[in-house]
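The values are calculated or read from the model by the stated rules, or taken from the named source; none is laboratory data. What you see is a predicted model, and the numbers here were worked out from it, not measured in a lab. Note that we place each Cβ from the backbone using ideal geometry, even for glycine, and neighbour counts take in every protein chain shown. What goes into the accessible areas is simple: the full protein's heavy atoms, side chains included, and nothing from ligands, DNA or RNA. Shrake-Rupley method; radii C 1.70, N 1.55, O 1.52, S 1.80 Å.
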Amino acid sequence: MGVVTRAQAKRMRSGGPDLVSLLPDEVLGSIITLLDTKEGARTQILSSRWRPLWRSAPLNLAPDGLLGSIDEDVVSRILTEHRGVARRFKAPPHILDGDPITLDRWLRSPALNNLQELRLYFPPFALPIPPIPHCAMRFSSTLRVAHFSCCQFTVDAAHRLHFPNLQLLSLLSVSISDDCLHTVLAGCPALDKFQLVYCYYIKPKPPMPPSTLRFSSTLCVATFGHCQFPDAAAIQIHFPNLQQLELRMVIISESSLHAMLSSCPALNSLMLMCNFGFRKFMINSLKLKRVEMFFGCSDTEIELEELIVVNAPCLEILHQRAPYEASIRISIVSAPKLKILARLNDNTSRLELGTTIFEGPYAIRVATTMCSVKVLALKLHYLSLHMTINFMKCFPCLEKLYIKTRISTENVELHNSLDRNECLDFHLKKLRIRHYSGKGSHLAFAKFFVLNASVLESLVLIVDPKMGGSDSWIENQRRQLQLEKRASIGCEIKFSSDNDSSYHSDIQEFSDPF
């Protein structure tokens, strides 16, 4: 950082320039580059100190802000007048759709000579599939990040692609042969992040090219999607340094899936999104910390029926999401560091937590406790206090409980005050119920926690606006919940009409730190 002069220090003490404006040009330029194009350009109006910085700062030219609403002349003027190095360029989709001449002129602009990140997202369903622009090859010596979508890699283009410094390559809905892909990957010796997702509408799903699975020495992050994994290819996989793996809409057999995971000894994050072809999935990994699984239904493919956590000494997050109608057997044998468990479904045919067994909404016996679990998310077709209390006995140190429900049918009786619950008495701090109706068992359920959760800090009841939410409705709810008798005097009760359908966002804030 540059030296602050005596005059500058005096102006600071007298309410002069802020501390940020006193930073060196190169630091302010880095700040501007982190903003989207529109916000970066607007920094010119802050003061005379900031006015010349945007034109010399590393260029971030992307349609997230400015390019989405201006014409091509303004983009061309930015490329002509900008004096700084190019950091990032993302072409507007309408240019990629019908104006290859303008795109070619932009990519040949001297302002992009040292480009580090290139994103070319062609419009989907275009016929014929547009080829990757030849002028994109000129960034081979400087490019570190490349995203290509809905385009075609010809043999000539593949042989000209050589990116010795490329660290991330993303190919989404591209047309590329196995030979071309092998050539492209061979030209990226420093690659550590790779994404290959085929077009979702192509049926049958194309097989994963063997060349993709052979360049594994440097790869740390990989995503594969909308394809099939042949058994022979999966057995040959070896990713010694892979830390994050994501499979999207992939068809893979049980033996191939387990063979793939066993070949990733450094894996700490796994996401399986709507994959088919295996009935049983076993987690047996010494380093895996995070597993997210999103199940779907299929009339033609083999679906998951059983999930077993055999031995996962480092596992902290297990997030599995399935439709209400899915009936899956889940067994957690050993996961001593598990902190977040989501979203257990009351339609699960059998749930085993150590030696505790749940069949339907009831525990046959509560014999195992998992004190490491701090966050639990339940997806209950029928709101059940009995089931919830049993879970709280299994997870006595639970701090945050999230419940998504649909129907209120069960008659809720207040818990026997003589049968104390460690979670209720000492740990539960946050409870959120989505699709709260405000009547019947929903009201009794919420009231139970108001009257019995001794350290509860926040109770959020998310209500369908069609069912309630008016001021008079909320005031009536507060009376019926008997807030004056709440066990935790500092508990904040909040009614929300949040209509976000993604339940995953409910626990995301607690997933991020891990």
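Below are the figures for this structure:
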item	result
Pairs, first within 15 Å of ALA367 (Cα to Cα) in region 333-355, second part of a loop (DSSP other than H, G, I, E, B), C-beta under 6 Å, six or more apart	LEU353/THR368; GLY354/THR368; THR355/ALA367; THR355/THR368
Residue match in region 408-424 (condition: open to solvent by 10 Å² or more (accessible area, probe 1.4 Å), modelled with pLDDT of 90 or more and touching an Asp or Glu at 6+ places or on another chain (Cβ under 6 Å))	no
Within region 471-514, considering residues that are polar (S, T, N, Q) and open to solvent by 60 Å² or more (accessible area, probe 1.4 Å), the one modelled with the highest pLDDT	GLN480
Tally, over region 255-273, of residues that are in contact with a Cys (Cβ under 9 Å, 6 or more places away or on another chain) and surrounded by 17 or more Cβ atoms within 10 Å (Cβ to Cβ)	2
Members of region 431-460 that are more than 32 Å from the chain's Cα centre (by Cα) and either hydroxyl-bearing (Ser, Thr, Tyr) or outside any loop (DSSP other than H, G, I, E, B) (or both)	GLY440, SER441, LEU443, ALA444, LYS447, PHE448, VAL450, LEU451, ASN452, SER454
Residue that is nearest to ILE101 (Cα to Cα), among those in region 131-144 that are surrounded by 18 or more Cβ atoms within 10 Å (Cβ to Cβ) and of a type outside the set (S, T, N, Q)	PRO133
Region 269-295 residues that are farther than 17 Å from PRO313 by Cα and of a type in the set (S, T, N, Q), paired with ones that are open to solvent by less than 40 Å² (accessible area, probe 1.4 Å) and not in a loop (DSSP other than H, G, I, E, B) (beta carbon under 6 Å, 6 or more apart)	ASN275/LEU247
Count - residues of region 244-265 that are modelled with pLDDT of 95 or more and more than 24 Å from ASP299 (Cα to Cα)	2
Residues of region 222-254 classified as within 21 Å of the chain's Cα centre (by Cα) and open to solvent by 10 Å² or more (accessible area, probe 1.4 Å), total	7
Members of region 123-142 found to be among the β-branched types (Val, Ile, Thr) and over 30 Å from the mean Cα position of the chain (by Cα), listed by number	none
Sole residue being in contact (Cβ under 8 Å) with a residue 40 or more places away in the chain, closer than 23 Å to TRP54 by Cβ and touching a helix residue (DSSP H, G or I) at 6+ places or on another chain (Cβ under 9 Å), chosen from ARG119, ARG83, ARG105, ARG87	ARG87
Residue ID - nearest to THR405 (Cα to Cα), chosen from residues in region 330-350 that are part of a strand (DSSP E or B) and at pLDDT 90 or above	LEU341
